[in-house]
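K.L.:
Structure incoming, see below.
Just so it is clear, none of the values below were taken in a lab; they were calculated from the coordinates. Owing to the predicted nature of the structure, the values given are computational and were not obtained by experimental measurement. Don't worry about glycine lacking a Cβ; one is built from the backbone with ideal geometry, like all the others, and counts go over all protein chains shown.
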Amino acid sequence: MSSAAKGHGRRIRAARLAAGQSQSGLAKAVDISPSYLNLIEHDRRAVGGRLLTNLARALSLPVGELTDPGDPRHLAALKSAMDYLALPHPPERPEDFLASSPGWARIVAGLMERCEALEQQKEVSGQDGATEEELYDLISAVTSIRSSASILVEADGIDKEWQRRFAGNIHSESLRLEEQGQGLIERLGPSAREAEDSARRRLEIALQMGPLPEDEPVALALESRGADLSDPATRAWAARIHSDREQVPAPWLDNIGAEIRDPFNLAVRAGLPPDLILRRLAFTDRHARPSGLIIADRSGAFSLSAPPPLFLIPARSPPCALWPVFDALGAPGVPASRKLEFPGGASARFACHAFATRQPSGGADAPVLTEATMLIMGDATDVGDVTRAAPTCAACSNQKCPARREPQRR
Amino acid sequence: MGRRVLLIEDEPNIIEAISFLLSRDGFTVHTHSDGETAVDKALSHHPELIILDVMLPGRSGFDVLRDLRASSETPDIPVMMLTARGQAADRDLALRLGATHFMTKPFANSEMRETVRDLMGEGEPKDEDVA
């Protein structure tokens, strides 16, 4: 008898008991002897075909309920539960429990999954638990120092012996504080990931220091501003800016004049990709406007944030949805421009131009990468429509903004 | 001999500071640094106030408090809980278990002295306020 068919008997028995039927009553209903039904229920005789159908009808159940062996995951979870509890004598075999009480088996399986998830969470947060203890030690050291120092400063007539003792306490607790602080820094200090982010941050700061002199090699200029040229991503950016310079020589930029207001038209006129023109304008010293760049990937995350002064990028909250970089992400290949005014008036007015490109990352099945480039240029003039915006909704006074996500915090 | 305070705390320098402060205010301070035997100490010394740290070796201050409140000899003795964990949940638990007062570390010496005086039902100290 197959193991699947073996379960039929257990399930029939469980269903009969759940329905409150006696063995003799069910046997009579399907025209078999009670002893034969007993053999079936204990899986000593196979059951199928018309008899199985009749049994299902007598039990008011679909046949499938009597033949379904149950979710194998539930069986695995029940076995895990038995191991977890280290039961020397389990009440019944997990297969029997699953067959006789599938509903309860599902509940037990769910509880076991939850239990395992909590155990995993405990393992992960075990390190955080140790950190909490270290922080508690820090607070205790601070308490000792504060109390002892207050006594020395404020208590009148304290004799020299007590002065010496409290000064000694302050000294010893200071050393403890230093040791524990260093321990925490080592434990919580920069990870490899953060080291990468640190190199990126140094690059962004270098780019935000002002336009890159056209008569200075890009790598040298970045390095002199503190960028980490040993970092591969930084070197890639240096190479990219250098390549952009080769495609759009500086003298060409000297002649654009007022056309700087429409970089997409410039791109068409030059027969060059719009994102290239945006990058070129962001970092050159051949125009007087404060400028910068944001690069976003398909998820909306910024892979490079080098905006001009006063164009703030929020550290934690999601940024304003009106920034055209998000328009561009939503419509690759379509230019997006918007003039934004942040809180601060004309000095915080920016002409923003964005363009997104799509590029395959590999073969036909590989994901297509989207990169959106947004050029941000200071533009204190009244030319063009201005949209009131801000780094985030919380900082924005534009109450009529259709994209507002949260109320303004005053 | 002044009124008795039992300080249950395992940080030696905090013990020294609090003992110094309260002794100068005229209290007699006994100290104990282990959670396991803290209740026994309380029962043997009959303090009029217990200052009880939450984080103790052996047993937590919450467990000690629970036992103090369950004991027929110390159900009503004022207990000030002391902890670096200032979360509302800890405060609520302490008060639910019967703590009379809850103070977070680090504390101001003046706050410690004033609270002890209040819990002991005393006014300002007779000598000049020193800390």
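K.L.:
Just want the ordering: A:R50, A:R279, from fewest to most Cβ atoms lying within 10 Å of their own Cβ.
P.N.:
On the way: A:R50 8, A:R279 22.
Ordered by Cβ neighbours within 10 Å, fewest first: A:R50, A:R279.
K.L.:
Pairing the Cα long axis of helix A:3-19 with the longest principal axis of chain A, what angle in degrees results, from 0 to 90 and rounded to the nearest 10?
P.N.:
Approximately 80 degrees, to the nearest ten.
K.L.:
Evaluate E = 1/(1 + (r/R0)^6) for A:A288 and A:E216, where r is the Cβ-Cβ distance and R0 equals 25 Å; express this FRET efficiency to the nearest 0.05.
P.N.:
On the way: r = 18 Å, r/R0 = 0.74.
Efficiency, from the Cβ-Cβ distance: 0.85.
K.L.:
DSSP loop GluC sites (Glu not before Pro) in the stretch B:7-105 with at most 15 other Cβ atoms within 10 Å of their Cβ, which ones?
P.N.:
Hits after loop and neighbour filter: B:E36, B:E73.
K.L.:
Something else: Starting from the Cα of A:A403, move 7 Å in the Cα-to-Cβ direction to define the label point; list residues of the stretch A:276-303 whose amide nitrogen is under 14 Å from there.
P.N.:
The answer is A:296, A:300-301.
K.L.:
Report the local net charge at A:A227: Lys and Arg +1, Asp and Glu -1, summed over other residues whose C-beta lies under 11 Å from its C-beta.
P.N.:
That sum, taken over residues with Cβ under 11 Å, equals +1.
K.L.:
By how many degrees, 0 to 90 and rounded to 10, does the Cα axis of helix A:72-85 deviate from the longest principal axis of chain A?
P.N.:
Rounded to the nearest ten degrees, it is 90.
K.L.:
Which one, A:M374, A:A141, A:S243, projects farthest toward the positive side of the charge dipole computed for chain A from Cβ point charges (K/R +1, D/E -1)?
P.N.:
Highest projection toward the positive end goes to A:M374.
K.L.:
Go ahead and run the numbers for FRET between A:R269 and A:A395, Cβ-Cβ distance against an R0 of 30 Å, rounding to 0.05.
P.N.:
With R0 = 30 Å, the Cβ-Cβ based efficiency is 0.20.
K.L.:
Right, here's the next one. Compute the distance in nm between two label points, each set 7 Å from the Cα along the Cα-to-Cβ direction, one at A:M82 and one at A:A321.
P.N.:
It works out to 5.4 nm between the two label points.
K.L.:
Taking R0 as 22 Å, what FRET efficiency do you get between B:T28 and B:E111 from their Cβ-Cβ distance, rounded to the nearest 0.05?
P.N.:
0.55
K.L.:
So, in nm, how far is label A:L310 from label A:R225 when the simple model puts each one 7 Å beyond its Cα toward the Cβ?
P.N.:
2.0
K.L.:
Another question about this same structure. If neighbour count is taken as other Cβ atoms inside 10 Å, put A:I151, A:I277, A:I107 in order from fewest to most.
P.N.:
In increasing order of surrounding Cβ atoms, one gets A:I107, A:I151, A:I277.
K.L.:
Using a 10 Å cut-off around each Cβ, can you sort B:H30, A:H171 from fewest to most neighbouring Cβ atoms?
P.N.:
Exposure proxy ranking, most exposed first: A:H171, B:H30.
K.L.:
Go ahead and estimate [θ] at 222 nm for chain A from helices alone: -39,500 (n - 2.57) per DSSP H run with n ≥ 4, summed, over the residue count, rounded to 500.
P.N.:
That comes out to -17000 deg cm²/dmol.
K.L.:
Name the residue from B:S60, B:H32, B:G2 whose Cα lies farthest towards the positive end of the charge dipole of chain B, charges +1 on Cβ of Lys and Arg and -1 on Cβ of Asp and Glu.
P.N.:
B:S60
K.L.:
Using unit Cβ charges (K, R positive; D, E negative) and no other charged atoms, how large, in debye to the nearest 20, is the dipole of chain A about its Cα centre?
P.N.:
1940
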